[in-house]
1. Kindly indicate whether residue B:67 is touching a Ser or Thr at 6+ places or on another chain (Cβ under 7 Å) and open to solvent by 20 Å² or more (accessible area, probe 1.4 Å).
2. For region B:42-64: of the residues being of a type in the set (Lys, Arg) and closer than 21 Å to residue B:97 by Cβ, which is surrounded by the most Cβ atoms within 10 Å (Cβ to Cβ)?
3. Looking at residue B:121, is it more than 17 Å from residue B:13 (Cα to Cα) and either touching a residue at least 24 places away in the same chain (Cβ under 8 Å) or aromatic (Phe, Trp, Tyr) (or both)?
4. Does residue A:118 count as surrounded by 22 or more Cβ atoms within 10 Å (Cβ to Cβ) and of a type outside the set (Gly, Ala, Ser)?
5. Every residue in region B:1-36 that is touching a strand residue (DSSP E or B) at 6+ places or on another chain (Cβ under 8 Å), open to solvent by 40 Å² or more (accessible area, probe 1.4 Å) and under 21 Å from residue A:73 (Cα atoms), please.
6. Sort out for me the strands (runs of 3 or more DSSP E) sitting completely within region A:30-127 that have 1 or more residues that are more than 11 Å from every other protein chain (Cβ to nearest Cβ) and under 25 Å from residue B:47 (Cα atoms).
7. Which of (1) touching a residue at least 40 places away in the same chain (Cβ under 8 Å); (2) surrounded by fewer than 17 Cβ atoms within 10 Å (Cβ to Cβ); (3) within 24 Å of residue B:99 (Cβ to Cβ) does residue A:39 not meet, given it meets every other one?
8. Hey, any hits in region A:103-110 for a residue that's touching an Asp or Glu at 6+ places or on another chain (Cβ under 7 Å) and either among the polar types (S, T, N, Q) or more than 22 Å from residue B:39 (Cα to Cα) (or both)?
Number of protein chains: 2
Amino acid sequence: MQDSPLWEQIGTGFVRHYYQLFQNDRAKLADLYIAESLLTWEGEKICGKDAITKKLLNLGIKKIGHTITAHDHQPTTDSCILSMVVGQLKADNDQIMGFHQIFLLKEINSAWVCTNEMFRLALHNFA
Amino acid sequence: MQDSPLWEQIGTGFVRHYYQLFQNDRAKLADLYIAESLLTWEGEKICGKDAITKKLLNLGIKKIGHTITAHDHQPTTDSCILSMVVGQLKADNDQIMGFHQIFLLKEINSAWVCTNEMFRLALHNFA
């Protein structure tokens, strides 16, 4: 971990922090967003820290557990960090489902915030 | 389609173009990248247009078909477009597999290029 590039350490740290908060103290996720942040959650578009926080607090899920299968990170040409997570989650008594989530992180006033986030369950039509 | 925002039209058009080329004329994918482009393919990090093109041409796959389950797009604070694809693919005679892929698009000299891309098969440990 100490030998990995800084952007990889920051991306990895963000991902760990995000899912810890999501599972244990979801209201604190608000600190990760700014007024310009965008979230696309299962195709629904949500703009801004307040609306994003409200959405994440009102998913109709009491207990959720995430297992991260893989996480990848890259620096961008605009000095941001792009992170992609592939994993599985278990929400309340539902069956285990695959999910796909990405984050674009930007440093603003010496803090890394999430400007862009997308989430999709890996549900396909197995016709 | 005509009523959707420009960034959504560009992202949607890029995704359609990418998979068409991937299936029919993979060498032409080179036109989508620049010297600074980064690709993370199943965790392997590849830098630059030439190395990325070489990787995509040497996957050991002759025939591939993609089915896109969902694609989402967002503008970023740096005037880029972030796109996320969830889908299924069939490579040669392998079984159908889920995949996750993301693209960060940037306008350079009036052309949209891919500066960042990540790909993962949706393979979890179903222990």
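The values are calculated or read from the model by the stated rules, or taken from the named source; none is laboratory data. Bear in mind the structure is a predicted one, so any value in this text is a computation, not a measurement. In this analysis, Cβ positions are derived from the backbone assuming ideal geometry, glycine residues included, and neighbour counts consider all displayed protein chains. Only protein heavy atoms, including side chains, enter the accessible area calculation; ligands, DNA and RNA are left aside. Shrake-Rupley method; radii C 1.70, N 1.55, O 1.52, S 1.80 Å.
1. Taking the combined requirement at face value, the residue does not satisfy it.
2. B:55
3. Judged against the criteria, residue B:121 is a match.
4. yes
5. If the condition is that a residue be touching a strand residue (DSSP E or B) at 6+ places or on another chain (Cβ under 8 Å), open to solvent by 40 Å² or more (accessible area, probe 1.4 Å) and under 21 Å from residue A:73 (Cα atoms), then B:36 is the only one that fits.
6. A:97-108, A:111-121
7. The single condition residue A:39 does not satisfy is (2).
8. Among the residues of region A:103-110, not one is touching an Asp or Glu at 6+ places or on another chain (Cβ under 7 Å) and either among the polar types (S, T, N, Q) or more than 22 Å from residue B:39 (Cα to Cα) (or both), which makes the answer no.
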